[in-house]
Amino acid sequence: MKIKWLGHSSFVLTESTGTVVLTDPFDPNMVGYGAPAQKADIVTTSHGHGDHNYLKSVGGYKTVIDKAGKYEKDGIHIVGIPSFHDDEDGAKRGKNVIFKFGMDGVNVCHMGDIGEPCSPELIERLLPVNVLLIPVGGNYTIDAEQAKEYVDRLMPEIVIPMHYKLKHCELDIDKVDPFLRLFDDECVEEDVDELDLDRVDFDANIESPRVVVMNKISD
């Protein structure tokens with residue numbers, strides 16, 4: 001499977017069969033920067049805010065999944081896990097859906113706009129995770145240190161930070177640097193355009209995850 005980052009919390013996940021999943025498409029007017037037009041077979045949206053459910057930017061999709069539950073679409077197994085957008089059981093910002101994707105034997109977990117602190121109950125529902133897509137910018141979501149706690153508990157082989165401040169971003173969120181400083185330098189890979197992954201990439205035991213900082217696809 002292949003992973004590309006459109007910016008913010010939006011990724012293009014492509015299975016070897018050619019099926020394309022796009023996560024959390026965003027309104028460029030809200031975020032402050034755009035993304036190239038994309039086609040996808042399946043679109044997932046973690047919640048109803050415009051920087052995560054802007055379907056106008058996606059073409060060709062057959063399926064939109066925005067609720068918790070178990071799904072199988074075009075051979076891809078998808079599980080939506082309910083959670084909260086804040087640390088007050090949704091009182092401030094409502095609910096959030098975490099999505100897990102089974103693609104080419106790889107378990108990818110997209111945390112959406114998770115705002116609730118790490119708990120044993122939620123961790124149990126999320127495991128196992130090979131690739132973790134997690135917000136790190138704080139304010140509207142968990143911050144760098146809270147994200148690190150999720151990483152430590154879920155123990156994924158690969159971590160891809162998202163939902164952090166880039167150039168031109170108009171949202172009041174932090175840059176990725178505070179999150180990266182929580183890891184040893186040798187664990188961090190920067191300026192990655194695309195990840196090409198297979199089940200065999202996750203067969204060996206690891207001591208520390210690869211923290212992959214992806215380049216946003218140019219619009």
Next on the checklist: So if I check each of Ser9, Ser83, which one is in contact with a Leu (Cβ under 7 Å, 6 or more places away or on another chain) and buried (at least 22 other Cβ atoms within 10 Å of the Cβ)?
Outcome noted: Ser83
Checklist outcome for this item: Within the stretch 135-156, of all residues that are of a type in the set (Ser, Thr, Tyr) and under 17 Å from Phe99 (Cα atoms), the one modelled with the lowest pLDDT is Thr141
Item to check | The one condition in (1) open to solvent by 30 Å² or more (accessible area, probe 1.4 Å); (2) under 22 Å from Lys4 (Cα atoms); (3) outside any strand (DSSP E or B); (4) in contact (Cβ under 8 Å) with a residue 24 or more places away in the chain that Glu189 fails to fulfil | outcome: (3)
Checklist entry - Within the stretch 193-218, which residues are closer than 25 Å to Thr17 by Cα, open to solvent by 20 Å² or more (accessible area, probe 1.4 Å) and not in a loop (DSSP other than H, G, I, E, B)? => result Asp196, Arg199, Val200, Asp201, Lys216
Next on the checklist: Tell me yes or no: at least one residue of the stretch 146-156 is open to solvent by less than 20 Å² (accessible area, probe 1.4 Å), more than 24 Å from Lys92 (Cα to Cα) and of a type in the set (A, V, I, L, M, F, W, C).
Outcome noted: yes
Checklist entry - Does Asp24 satisfy being at positive phi and either open to solvent by less than 10 Å² (accessible area, probe 1.4 Å) or at pLDDT 95 or above (or both)? => result yes
Checklist outcome for this item: For the stretch 90-115, the count of residues that are open to solvent by 30 Å² or more (accessible area, probe 1.4 Å) and within 19 Å of Thr44 (Cβ to Cβ) equals 4
Item to check | Count of the stretch 35-55 residues which are surrounded by fewer than 17 Cβ atoms within 10 Å (Cβ to Cβ) and at pLDDT 90 or above | outcome: 2
Next on the checklist: Let me confirm something: among Asp177, Asp201, Asp193, which residue is under 19 Å from the mean Cα position of the chain (by Cα) and either over 13 Å from Val136 (Cβ atoms) or not charged (D, E, K, R) (or both)?
Outcome noted: Asp193
Item to check | Residue list for the stretch 56-99, restricted to those being of a type outside the set (A, V, I, L, M), over 28 Å from Ala37 (Cβ atoms), out of contact with any Gly (no Cβ under 7 Å at 6 or more places or on another chain) and at pLDDT 95 or above | outcome: Lys70, Pro82, Ser83
Checklist outcome for this item: Cys118 vs (1) open to solvent by 10 Å² or more (accessible area, probe 1.4 Å); (2) in contact with a Phe, Trp or Tyr (Cβ under 8 Å, 6 or more places away or on another chain); (3) closer than 15 Å to His47 by Cα: all pass except (3)
Checklist entry - So which strands (runs of 3 or more DSSP E) stay within the stretch 77-182 end to end and still have 2 or more residues that are among the hydrophobic types (A, V, I, L, M, F, W, C), in contact (Cβ under 8 Å) with a residue 24 or more places away in the chain and touching a helix residue (DSSP H, G or I) at 6+ places or on another chain (Cβ under 7 Å)? => result 106-110, 131-135
Next on the checklist: Could you check the stretch 157-186 and list, in sequence order, the residues that are in contact with a Lys or Arg (Cβ under 6 Å, 6 or more places away or on another chain), among the aliphatic types (A, V, I, L, M) and open to solvent by 20 Å² or more (accessible area, probe 1.4 Å)?
Outcome noted: Leu182
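The values are calculated or read from the model by the stated rules, or taken from the named source; none is laboratory data. Not measured: the values here are computed from a predicted model. Neighbour counts are summed over all protein chains in view; Cβ atoms, including those assigned to glycine, are modelled from backbone coordinates with ideal geometry. In case anyone asks, the SASA skips ligands and DNA or RNA and just uses the protein heavy atoms, side chains included. Shrake-Rupley method; radii C 1.70, N 1.55, O 1.52, S 1.80 Å.
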